[in-house]
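Here the structure is laid out as structure tokens; the discussion comes afterwards.
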Amino acid sequence: MKKIPAILLVDDDDITNFLNKQVLNHLGVADQVLVATNGEQALNILARPDSSFSPAHPVLVLLDLNMPVMDGFEFLEAFQALPPAQQQRAVVVVLTTSLNSHDLDRTTNLPIAGFLNKPLNEEKVATLLRIHFGPLVTAE
Amino acid sequence: MPTPPASLPSLPAVELHALLAVSFSALALWRPLYGPDGAAVTDFACEYLNPAGQQMLGQPERPEQTFLTLFPNACENGLITCCCRVFATGEAGHFEANHPADGRDNYWHLAARRGGELLATSFTDPAGETTLRANHRAEARQAELLAAAQRRAQEREEFAQVFAHTPAAICIQCGPAHRYAYVNAAYQQFFPDRQLLGRPVAEALPETVDAGVVDLLDAVYRTGETYYGHEQPLLVARPGGQAPKPMYFTFTYQAYRENGEVVGISTFAFDVTEQVLARQERERQRQQLEDLFMQASAPIVVLDGPDHVFTLVNPAYQRFFPGRELQGKPLRDALPELADTPVPTLLRQVYTSGETCVAEEMPLQMARSAGGPLEEMYWTFSFQAHRDAHGDIDGIRAFAQDVTASVRARQQLQEANQALTESNRQLTRTNTDLDNFIYTASHDLKAPITNLEGLLHLLQRVLPLPARQQEGVQPVLDRMQQSVDRFQLTIAQLTDLTKLQRAAAEPAEPVDLARLIEDVCLDLAPQFAATEARLTVDVTGGPRLAFAPKNLRSLVYNLLSNAVKYHQPGRPPVVHLRSHRTENGAAVLEVQDNGLGLNARQQAKLFGLFRRLHDHVEGSGIGLYMVKRIVENAGGTIAVSSTPGIGSTFTITLPGTALPETTTAV
């Protein structure tokens, strides 16, 4: 079974990150699970020159919207401003507790591949991977 | 004294008579009449007069009248003296006279001689020629008189013609009873149905007695002084029970005289009834206008001339300035505080241009009493130019209205509105804040509870089997899960509430009720199947509704899902959905079930927020609260009738205004 190279969890809530990491590790769908507690850290990780991400093997970013320092929207705007080649190294899925209509409006025209409601569970991860990464990976 | 002839042949009576009868001369025998002393002859009685004498004097053969009566001028001209002397002396006498004054306008002479105790006279014209000449003169005189009479008649006729056609009414009344001797057509026209000529005024026009007319006539008749009457009223009686006609006359009563004596009254009269009535009418109208002006509740003033002198101030105007003298004063003296306001400029403009000017709600600082404190008043003015007979502006009419109260009221209203707008804005802000709060709260609460649930799941997985099987561990884990569920439910309710706030703003549109119900039934199909529910829908009597579709869907969904959810265990739910229209045009939506039913206490709480009456089934406790809110926001009502163990019927009534058309749903 193939794994995707990396999954980047972007959330300011440590417990959420801990739980999501447990779910992902339990499923064993990624070579590494990275954690960023705000948008800025996430951008830095994505921009690392030695990163193993590539358009052929993009990183899955699970992005929360409400965060300090740089929230999800700001991250998406900054991400959108990156060169296309860099953008293609990541697939961004919004993972949040709830979306009000105002927030939903703000996401229009932002490079978002999909939405997921918390909590993350094995079923949701499997569906997500099937949609965005095809037969490359399968859940255990 | 001459001696009589010695003898005369005695003549028989027949011959003597013939002789006397044939004489041209008038022959008479007179017997002397003595005065009171019995000595002197003063007159003669006629014993005999021959036919020529009879003809000449117009007397019988033996006239009863004496000499002096038959010749009234005999004393004056000496004839009687001549005769007395002849009788006394016995000498023959002769007398010549021309006596037009005797009425016998001829020259004549008389011869006298005493015969015994009698006096004989012969008198005649001296010659036939004289008589003839006299006759000619008499004829000429006669013709002259006739011509004069005809002339007078002609004049009278002309006068009569003039009088008859003159518009003035003329009458002549004769004698102390003022008997009508003449009335012209105009006069007769005043009293068309009366016989006037020949009758005394009191009899012909009895109404004149009480009116004092007869008294006036009497006075004129008595004093001879002319009376001038000016527009004197007279109620003229009319026949056939008609009300008397009031008439007014201007007239003169003028006495006319004969031989210096007042013998009658001539009247010239004009019927001035129309003029008097017209003037009375004008006066009445003028009075009416004045009354209107004086009694008008609206303040009115008339300002005269370029200085705007108060010439008329009606009481309504004066009431505003009880202590101030306005009448007769120019505006700048009467109300000096207006000097620096736009009023003088406006008045000058109206006075110059003649164009009416209306000033609305002009704020003015004015004193109600002279020297009193200035008060803020609001006036609405209408200034109209007033023009004289030549069309030149000579003043201004000002209609004023004190609008202070209404302006104040409006200002207060505006202030109240502003306050209302402000509080509305605050409320809106508060609502938005609340909305945001609920959202944030639900979000911020949701995250940790989601984590808690995740941790619980993780714990279940990582807990070694022996530990999990240890007594008391699993029930604790279960209760933790229940608490998490309950927490999540509360958060879901909060989220639903925020949705409800937004739903209120949804616009109404025509909705096909039958199709909407079909859609809802599709959504509820799993629940229907699980409970083996049976639903009958009868909305053929119901109309197309004008309603926000989402809200209507929410109503139907909640009612139908409740009907299934709260079914009596062991009894498949049977639900009837009906819709019809009431007589007054309201739309009724009715959902009847055979479920658990509700007792009175439960019914009272039914529509409250977070009221869950049954614990054994899922529910947010917000459904019926939302239903009620939606119905009431649309001006409708919701009611429930229920019997525990039998079932419930929910009835929603929506007002007719929500139903623009009556097409029966397919």
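What follows draws every value from the coordinates through simple rules; no lab data is involved. This is a predicted model, so every value here is computed, not measured. Cβ placement follows ideal geometry from the backbone for every residue including glycine, while neighbour counts extend to all protein chains displayed.
What's the magnitude of the charge dipole for the protein assembly as shown around its Cα centre, counting Lys and Arg as +1 and Asp and Glu as -1 at the beta-carbon? Answer in Debye, nearest 20.
Roughly 2820 debye for the protein assembly as shown.
Take chain A, connect every pair of alpha-carbon atoms lying under 10 Å apart with a spring to form a Gaussian network, then pick out the residue of A:Asn121, A:Asn20, A:Asn44 with the largest mean-square fluctuation.
Between A:Asn121, A:Asn20, A:Asn44, it is A:Asn44 that shows the largest mean-square fluctuation.
Using a simple charge model, +1 on the beta-carbon of Lys and Arg, -1 on the beta-carbon of Asp and Glu, nothing else, what dipole does chain B show about its Cα centre, in debye to the nearest 20?
Once rounded to the nearest 20, the dipole reads 3520 debye.
For each pair in B:Lys550/B:Lys628; B:Lys550/B:Lys605; A:Lys21/A:Lys118; A:Lys118/B:Lys446; A:Lys3/A:Lys118, compute the distance between the two Cα atoms and list the pairs where it is over 19 Å.
Distance filter (> 19 Å) returns B:Lys550/B:Lys605; A:Lys3/A:Lys118.
Run the helix sum for chain B: -39,500 (n - 2.57) per DSSP H stretch of 4+ residues, divided by residue count, reported at 222 nm to the nearest 500 deg cm²/dmol.
-14000 deg cm²/dmol
Can you give me the C-alpha center-to-center distance between the range B:18-95 and the range A:63-98, rounded to a whole angstrom?
Centre-to-centre (Cα) distance: 180 Å.
Extending each Cα 7 Å along its Cβ direction at A:Gln86 and B:Asp340, get the distance between those two points in nm, one decimal.
With each label point 7 Å from Cα toward Cβ, the separation is 7.3 nm.
Name the residues whose placed amide hydrogens come within less than 5 Å of the amide hydrogen of B:Gly229, ignoring near sequence neighbours (fewer than 5 apart) on the same chain.
B:Phe251, B:Thr252, B:Tyr253
Collect residues whose amide H, placed 1.01 Å from N in the peptide plane, falls under 5 Å from the amide H of B:Leu235; neighbours closer than 5 in sequence don't count.
Correct list: B:Met247.
Considering the Cα positions of chain B, please state its Rg to one decimal place and its Dmax as a whole number of Å.
Cα-based Rg and Dmax for chain B come out at 67.4, 231 Å.
Can you tell me, using C-alpha contacts under 8 Å and at least 6 residues apart, the relative contact order of chain B as a whole percent?
Worked out over chain B, it gives 5 percent.
Report the calculated FRET efficiency for B:Glu532 and B:Ile646 (r = Cβ-Cβ distance, R0 = 25 Å), to the nearest 0.05.
0.85
All other residues with a Cβ under 15 Å from the Cβ of B:Arg410 taken together, and with Lys, Arg as +1 and Asp, Glu as -1, what is their net charge?
-4
Mind checking Rg over Rh on the protein assembly as shown, alpha carbons, Kirkwood formula for Rh?
1.60
Note down the magnitude of the dipole of the range B:13-126 about its Cα centre, charges +1 on Lys and Arg C-beta and -1 on Asp and Glu C-beta and zero elsewhere, to the nearest 20 debye.
On the way: 6 positive and 13 negative charges, 32 e Å.
In total the dipole reaches around 160 debye.
Using the alpha-carbon centroid of each, what span in Å lies between the range B:136-161 and the range B:534-602?
A separation of 128 Å, based on Cα centres.
Can you give me the long-range amide H partners of A:Val92? Hydrogens built in the peptide plane at 1.01 Å from N, cutoff under 5 Å, separation of 5 or more residues or another chain.
HN-HN under 5 Å from A:Val92: A:Val61, A:Ala113.
Using the eigenvalues of the Cα gyration tensor, what equivalent ellipsoid semi-axes result for the range B:104-258 when each is taken as the square root of five times the eigenvalue, whole Å, largest first?
The equivalent ellipsoid of the range B:104-258 has semi-axes of 55, 21, 14 Å.
Rg to Rh for chain A: what is it, with Cα atoms only and Rh by Kirkwood?
Taking Rg over the Kirkwood Rh, I get 0.93.
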